[in-house]
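**Student:** First the structure, which I've put down as structure tokens, then a few questions once you've had a look.
Please treat every number below as a calculation from the coordinates, not as lab data. Computed from a predicted model, the values in this text were never measured in an experiment. Glycine also receives a Cβ, built like all others from the backbone with ideal geometry; neighbour counts cover every protein chain displayed.
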Amino acid sequence: MSKNILIIHGHPVNDSFMDQLQQTYIDAARANGANIRQLVLRELQYEINFREGYRGNQTLEPDLLAAQEAISWADHLVFFYPNWWGTYPALLKGFIDRTFLPGFAFRYKTGRTDPDRLLKGKTARLVVTMDSPKWYYYLVQFAPGHHAMRKGLLHFVGIKPVKITTLGLLRKADEKQRASWLKLMTKMGSQLC
């Protein structure tokens, strides 16, 4: 049985190295029998501002309804995004706020603090680029974006395990380093993880 993999590309800038990373992963996963769908967030039409909050009055745009259907379809989600200011770009944050909603991703239970996790059975990987060294992000900043994505979002809605690939010092990476990262994406895509 083929694995259904959803790529969620959260880099707002066109023609970034992130584009090469995710395309390399996609090519390897397809070559190994995966069914691939892709959401390039900068190409979707939706308001990133969660202006109604959890009052539920903000209508989902067609692209977000399609995104929810793709998330439901997927066995494995792979998020590609840069680390900006310790977390992720506003484009990805807005997508999360607007898409992973109560009734779709989780459901609160009366008298309980833990929700029904409606996306159980799925797994995820984060591929995150950053200009700072990985050691600095982990030891000095305590990886706030990784914790927010893994525990604050994905574990909260039932997606486990969540593996993280951190690619640090992107701004100083030479062609040899970039080639090794692309080779890593080929390996991960081939392993469908």
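**Student:** At what distance in angstrom do the alpha carbon centres of the stretch 27-79 and the stretch 172-192 lie from each other?
**Tutor:** Using only Cα atoms to place each centre, the spacing works out to 25 Å.
**Student:** How large is the charge dipole for the stretch 4-190, taken about the Cα centre, if only the Cβ atoms of Lys, Arg (+1) and Asp, Glu (-1) carry charge, to the nearest 20 debye?
**Tutor:** Working: 25 positive and 16 negative charges, 157 e Å.
Here the stretch 4-190 has a charge dipole of around 760 debye.
**Student:** Once you list every other residue whose beta carbon is under 14 Å from the beta carbon of Asp97, what net charge do they have if Lys and Arg are +1 and Asp and Glu are -1?
**Tutor:** Here the charged neighbours net out to +1.
**Student:** Also, I was wondering about something else. If you wrap the stretch 60-134's Cα atoms in a convex hull and average its projection over all directions, what's the area in nm²?
**Tutor:** Hull-based average projected area comes out at 6.4 nm².
**Student:** Where in the chain is the longest stretch that carries no chymotrypsin sites (Phe, Trp or Tyr not before Pro) classed as loop by DSSP and with at most 13 other Cβ atoms within 10 Å? Intermediate values should be presented prior to the final figure.
**Tutor:** Numbers: sites that count: Trp85, Tyr108, Phe142.
My reading of the result: 1-84 is the longest stretch.
**Student:** Which number do you get for Rg(Cα) / (2.2 N^0.38 Å) in the stretch 26-74? Provide the component values of the computation, followed by the final result.
**Tutor:** Numbers: Rg = 14.3 Å, N = 49, 2.2 N^0.38 = 9.7 Å.
Normalised Rg, Cα atoms only: 1.48.
**Student:** Over all directions, average the projected area of the Cα convex hull of the chain and note it in nm².
**Tutor:** Answer in nm², one decimal: 11.5.
**Student:** Tally the DSSP beta bridges in the stretch 4-190 and give the antiparallel ones as a percent, rounded to 5.
**Tutor:** In the stretch 4-190, DSSP labels about 5 percent of beta bridges as antiparallel.
**Student:** Starting from 0.36 nm per residue, how many nanometres of slack lie between Asp63 and Ile164 once their C-alpha separation is accounted for? It would help to have the intermediate numbers written out before the result.
**Tutor:** Values: separation 101, 0.36 × 101 = 36.36 nm, distance 2.65 nm.
Using 0.36 nm per residue and subtracting the Cα-Cα distance, I get 33.7 nm.
**Student:** Among Lys122/Lys151; Lys3/Lys160; Lys134/Lys172; Lys122/Lys163; Lys3/Lys93; Lys3/Lys163, which pairs are too far apart, with a Cα-Cα distance over 19 Å?
**Tutor:** Lys3/Lys93
**Student:** Right, something else. Regarding the stretch 46-104, what's the average projected area of the Cα-atom convex hull, expressed in nm²?
**Tutor:** Average of the hull's projected areas for the stretch 46-104 equals 4.6 nm².
**Student:** Loop-only check: which GluC sites (Glu not before Pro) in the stretch 1-87 are DSSP coil with at most 14 other Cβ within 10 angstrom?
**Tutor:** Within the stretch 1-87, the qualifying GluC sites (Glu not before Pro) (loop, at most 14 other Cβ atoms within 10 Å) are Glu47, Glu52.
**Student:** Another question about this same structure. Within the stretch 24-95, report the trypsin sites (Lys or Arg not before Pro) that DSSP leaves as loop and that have at most 16 other Cβ atoms within 10 Å.
**Tutor:** On the way: sites: Arg30, Arg37, Arg42, Arg51, Arg55, Lys93; in loops: Arg51.
Sparse-neighbourhood loop trypsin sites (Lys or Arg not before Pro): Arg51.
**Student:** Show me the helices of the chain, taken as full DSSP H stretches, that run 15 Å or more along their long axis by Cα and average -0.5 or above in Kyte-Doolittle hydropathy. Write down the numbers at each step before the final one.
**Tutor:** Details: long enough: 17-31 (21 Å, -0.37); 62-73 (16 Å, 0.31); 175-190 (22 Å, -0.85).
Flagged H segments are 17-31, 62-73.
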